[in-house]
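A quick write-up on the structure given underneath.
The values are calculated or read from the model by the stated rules, or taken from the named source; none is laboratory data. What you see is a predicted model; the values in this text were computed from it and never measured. Here the Cβ positions follow ideal geometry from the backbone for every residue, glycine too, while neighbour counts run over all protein chains shown.
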Amino acid sequence: MNPLPTASLLLLSLLASPSAAEEPKTLLSELRHLRIDGPREWSKFPETPEGDALELPFTSPANDREWTLQLRQQDVKQSWSVTLNGKKIDRLVGDENDMIVYFALPAGAVRQGENTLRIEQENRRASDDVRVGQIVLHPQPRENMLSAATVEVRVIDAESQEPIPARITVLNAQGALQTVGAKSNDHLAVRPGVVYTAAGAARFGLPAGNYTIYAGRGFEYSLASAEIELTSGQTARRTLTLRREVPTDGYVACDTHVHTLSHSGHGDATVQERMITLAAEGIELPIAADHNVQIDQEPFAREMRVRRYLTPVIGNEVTTKVGHFNVFPVQAGAAPPDHTRTEWNALFDGIYATPGVKVVILNHARDLHSGVRPFGPALFNAAVGENLDGWAMRFNAMEVLNSSATQSDIWPLFHDWMALLNRGRSVTPVGSSDSHDVARHFVGQGRTYIRCDDRDPSNLDTAQAVENFVQGQVMVSYGLLAELAVGQASSLPESPKTGRQDASPTTYGPGELAQIDGDQVQVTARVLGPHWVEASQVILFANGQPIREAAISPNTAGDLPPGVKWRGQWSIPRPKHDVFLTAIAIGPGIDGLYWKTAKPYQPTSPDWTPHVIGCSGAIWLDADGDGRRSAAYDYAQRAVVAAKGDFTALLKALSNYDQATAAQAANLWQTAGNSLLSEATSTALRQAAPATQAGFQTYLNAWRENQIARAGR
Ligand SMILES: [Zn+2]
Ligand SMILES: [Zn+2]
């Protein structure tokens with residue numbers, strides 16, 4: 001072969017490389033911190049932003065065909081516009097995650113000579129700390145940019161070796177979500193850096209560069225990753241294998257709070273995209289919960305060919321001016337309850353009259369909607385679980401965790417739930433996603449495991465699941481599970497449970513009333529989670545008070561089976577009266593963009609510590625042996641009646657009970673017209689048992705908070 005003369009080589013290389021006009025032009029290489037006038041949104045951002053808007057002058061030739069503007073954005077919550085020479089190009093993506101996005105600039109948008117790019121917040125009602133920058137102008141159309149190279153990913157199950165629905169997350173070399181060249185279709189749901197596949201296979205374009213690709217399948221599965229180096233024109237193929245890690249046999253994965261853009265009118269997930277995301281996140285029992293409509297997702301699950309992974313349930317987020325309630329199961333064709341009622345009793349009458357409905361969940365009770373915060377201090381005494389205006393508390397479940405509306409402080413909703421149980425109400429704790437989106441707040445991140453035969457996810461016994469749910473036979477999950485059992489069994493069954501029949505007859509789980517022999521109660525707990533989640537602590541509560549705790553470190557797992565982070569036993573003295581036990585496990589939040597734990601939706605503080613959480617349902621100990629659940633309220637009521645107005649006698653009776661009972665008694669005593677603030681009362685209280693004093697103090701603190709909030713109404 002004759003070597004080409006040097007001059008020809010030079011000419012060839014000139015022809016092959018883009019001309020100067022086609023070279024990308026960097027307009028801003030760093031990231032800028034922007035915020036309008038107003039308080040800092042997050043304390044992790046500097047006190048003073050670098051500007052309230054970004055204005056970037058640059059010179060360029062005019063574009064006679066579509067060009068592309070690339071930028072990186074972080075922490076965008078409000079609406080931010082992108083304008084070029086005074087003309088609106090688009091908005092930043094309303095998503096707090098770190099991402100690289102691309103905007104098409106139509107022919108003529110870029111002028112010959114001077115140009116100005118401007119990025120500013122449109123709606124100036126709330127301050128939003130954002131970072132934006134790494135802005136590059138590419139003189140070629142967006143589609144070309146994003147399809148320079150091609151990736152084909154297959155995701156298979158380790159056991160069956162078959163392709164499975166999965167979420168693929170694509171990060172660029174800096175670790176930001178990388179927009180891909182693909183659109184949602186009959187088997188993909190696509191957002192910047194996120195490709196959900198219903199079929200376990202995805203093909204998408206990417207600009208040349210280095211990437212990390214993750215494949216996951218929700219909470220129960222492992223996480224696989226691959227590094228990819230792509231040059232223009234190249235096609236890379238990768239197969240990623242996932243393994244089921246978390247033993248949840250005998251429980252179905254339920255998300256009680258699933259929205260779509262198609263039927264709720266906001267968010268971004270069409271009902272078709274929703275079917276793909278549900279299958280890919282491993283939700284087996286999705287409850288359709290669009291606002292004031294009752295959608296049967298069955299035809300959509302079939303249309304998207306994911307019906308074999310799940311059993312859809314018709315529900316409704318009854319969205320009222322006085323609270324939001326998820327209700328299910330709804331009979332097909334039933335008329336939705338009247339959501340215009342503003343009185344809880346009438347509202348619940350309508351809800352329970354809706355054919356089929358057995359579950360009514362009070363949603364996000366500490367968030368403000370239409371000016372009402374159901375569990376805020378103006379309406380709710382958090383120490384005793386009472387509504388201050390006598391609203392009928394007829395819901396039978398409440399969200400203790402909503403992964404789209406996480407709380408600055410994770411604990412109050414859990415304590416609210418435990419206070420309701422102490423008040424004698426039968427309330428099931430719920431974790432849900434409230435997802436309206438494909439990727440921003442994704443479906444199934446918060447979820448509830450319900451005890452139910454789960455062997456065929458396409459044919460779940462909804463009636464059984466609903467009945468067990470109402471009984472409280474559940475575990476709330478947000479990256480962890482806390483399993484709890486009570487009884488003589490020396491340990492939880494080693495093999496996964498398939499329902500009661502496999503468990504020892506003297507072992508009791510959540511939602512059950514445990515009969516107790518002897519003067520000690522054996523409590524066994526396990527903390528479960530996939531390898532990519534860490535647990536740090538598990539706490540055992542009795543009637544809402546912590547009584548045992550254990551620290552968990554990555555080494556704690558030792559030779560425990562995969563998916564088990566910790567396992568332990570506590571022996572507790574038999575209580576003098578009935579109590580309920582629940583275990584809550586926590587760990588550090590997830591930074592990885594494949595499952596990022598989102599910032600609080602309505603933050604109450606600029607400080608934020610993310611967590612993963614698992615919470616067991618409640619196990620009742622029938623310590624008084626009367627065959628029923630007696631709540632702190634029941635004992636308190638008896639003690640108050642028996643005291644016949646004698647405060648010293650009441651305190652004496654309460655010395656046999658716990659703090660929760662004392663708090664309930666304090667409320668009953670005060671409600672009967674007695675003062676808790678008189679000198680005589682204070683003096684008598686100082687002689688009372690420590691738990692009694694603590695209960696009265698907790699009640700009084702909550703009551704004072706109520707007075708302040710109500711004075712300000
Ligand atoms: Zn809601
Ligand atoms: Zn909702």
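Look at Asp389 and say whether it is within 22 Å of Ala482 (Cβ to Cβ) and either part of a loop (DSSP other than H, G, I, E, B) or more than 16 Å from ligand 1 (Cβ to nearest atom) (or both). If you could, list the steps in order and put the result at the bottom.
Values: within 22 Å of Ala482 (Cβ to Cβ): no; either part of a loop (DSSP other than H, G, I, E, B) or more than 16 Å from ligand 1 (Cβ to nearest atom) (or both): yes.
So Asp389 does not fit the description; no.
Against the condition farther than 22 Å from Asp268 by Cα, in contact with a Leu (Cβ under 8 Å, 6 or more places away or on another chain) and buried (at least 23 other Cβ atoms within 10 Å of the Cβ), how does Val443 come out, does it pass?
No: the conditions fail for Val443.
Can you confirm whether Ile708 is loosely packed, with under 14 Cβ neighbours inside 10 Å, closer than 20 Å to Gly385 by Cα and in contact (Cβ under 8 Å) with a residue 60 or more places away in the chain?
On the way: loosely packed, with under 14 Cβ neighbours inside 10 Å: yes; closer than 20 Å to Gly385 by Cα: yes; in contact (Cβ under 8 Å) with a residue 60 or more places away in the chain: yes.
Here the answer is yes, as Ile708 does meet what is asked.
Regarding Ala301, is this residue without any contact (Cβ under 8 Å) to a residue 40 or more places away in the chain and either of a type in the set (A, V, I, L, M) or more than 24 Å from Phe469 (Cβ to Cβ) (or both)?
Values: without any contact (Cβ under 8 Å) to a residue 40 or more places away in the chain: yes; either of a type in the set (A, V, I, L, M) or more than 24 Å from Phe469 (Cβ to Cβ) (or both): yes.
Yes; evaluated as a whole, the condition is true for this residue.
Considering only the stretch 528-557, state which residues are β-branched (Val, Ile, Thr) and touching a residue at least 40 places away in the same chain (Cβ under 8 Å). So that I can check it myself, show each step before the final result.
If we filter the stretch 528-557 for residues that are β-branched (Val, Ile, Thr), which is where we start, we get 533, 538-539, 547, 552, 556.
Answer for the stretch 528-557, where residues must be β-branched (Val, Ile, Thr) and touching a residue at least 40 places away in the same chain (Cβ under 8 Å): Val533, Val538, Ile539.
Wholly within the stretch 26-124, which strands (runs of 3 or more DSSP E) include no fewer than the required count, namely at least 2 residues that are of a type in the set (S, T, N, Q) and modelled with pLDDT of 95 or more?
Of the strands (runs of 3 or more DSSP E) lying wholly inside the stretch 26-124, those with at least 2 residues that are of a type in the set (S, T, N, Q) and modelled with pLDDT of 95 or more span 53-60, 67-74, 80-84, 113-121.
Which one is farthest from Arg574 (Cα to Cα), of the residues in the stretch 655-709 that are under 37 Å from the mean Cα position of the chain (by Cα) and β-branched (Val, Ile, Thr)?
Ile708
With the requirement that a residue be crowded, with 24+ Cβ neighbours inside 10 Å and over 18 Å from Ser432 (Cα atoms), what does the stretch 253-275 give you?
Hit for the stretch 253-275 is Glu273, nothing else.
Does the stretch 249-267 include one or more residues that are free of Cβ contacts under 8 Å to residues at least 40 places away in the same chain and within 23 Å of Pro192 (Cβ to Cβ)?
Yes, there is a match, as at least one residue in the stretch 249-267 is free of Cβ contacts under 8 Å to residues at least 40 places away in the same chain and within 23 Å of Pro192 (Cβ to Cβ).
A quick yes/no check of all residues on (1) farther than 19 Å from Phe45 by Cα; (2) surrounded by 15 or more Cβ atoms within 10 Å (Cβ to Cβ):
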position	(1), (2)
Val82	yes, yes
Gly86	yes, no
Asp98	no, yes
Leu105	yes, yes
Arg118	yes, yes
Asp128	no, yes
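If Arg341 satisfies every condition in (1) closer than 28 Å to Ser616 by Cβ; (2) away from ligand 1 (no atom under 16 Å from the Cβ); (3) surrounded by 18 or more Cβ atoms within 10 Å (Cβ to Cβ); (4) not small (Gly, Ala, Ser) but one, which is the exception?
(1)
Only one residue in Val438, Val443, Val430 is at negative phi and part of a strand (DSSP E or B). Which one?
Step by step, each of Val438, Val443, Val430 is checked, and only Val430 is at negative phi and part of a strand (DSSP E or B).
Can you find, within the stretch 355-386, the residue that is farthest from ligand 1 (Cβ to nearest atom) among those that are β-branched (Val, Ile, Thr) and in contact with a helix residue (DSSP H, G or I) (Cβ under 7 Å, 6 or more places away or on another chain)?
Val384
Taking only the stretch 528-539 into account, find how many residues are crowded, with 22+ Cβ neighbours inside 10 Å and either more than 15 Å from Ala485 (Cα to Cα) or touching a Ser or Thr at 6+ places or on another chain (Cβ under 9 Å) (or both).
Within the stretch 528-539, residues that are crowded, with 22+ Cβ neighbours inside 10 Å and either more than 15 Å from Ala485 (Cα to Cα) or touching a Ser or Thr at 6+ places or on another chain (Cβ under 9 Å) (or both) number 5.
Any idea which residue in the stretch 332-374 is farthest from Ile450 (Cα to Cα), counting only those that are touching a Phe, Trp or Tyr at 6+ places or on another chain (Cβ under 6 Å) and within 16 Å of ligand 2 (Cβ to nearest atom)?
That would be Arg366.
Quick check on my filter: what residues within the stretch 323-338 are within 15 Å of ligand 1 (Cβ to nearest atom) and in contact (Cβ under 8 Å) with a residue 60 or more places away in the chain?
Scanning the stretch 323-338 gives Phe325, Asn326, Phe328.
Can you report the number of residues in the stretch 392-407 which are part of a loop (DSSP other than H, G, I, E, B) and within 13 Å of the chain's Cα centre (by Cα)?
Qualifying residue count for the region: 5.
Can you tell me how many residues in the stretch 397-409 are surrounded by 19 or more Cβ atoms within 10 Å (Cβ to Cβ) and more than 16 Å from ligand 1 (Cβ to nearest atom)?
0
May I ask you to verify whether Ala489 is in a strand (DSSP E or B), surrounded by fewer than 22 Cβ atoms within 10 Å (Cβ to Cβ) and either over 30 Å from the mean Cα position of the chain (by Cα) or modelled with pLDDT of 90 or more (or both)?
For Ala489, the condition - in a strand (DSSP E or B), surrounded by fewer than 22 Cβ atoms within 10 Å (Cβ to Cβ) and either over 30 Å from the mean Cα position of the chain (by Cα) or modelled with pLDDT of 90 or more (or both) - is not met.
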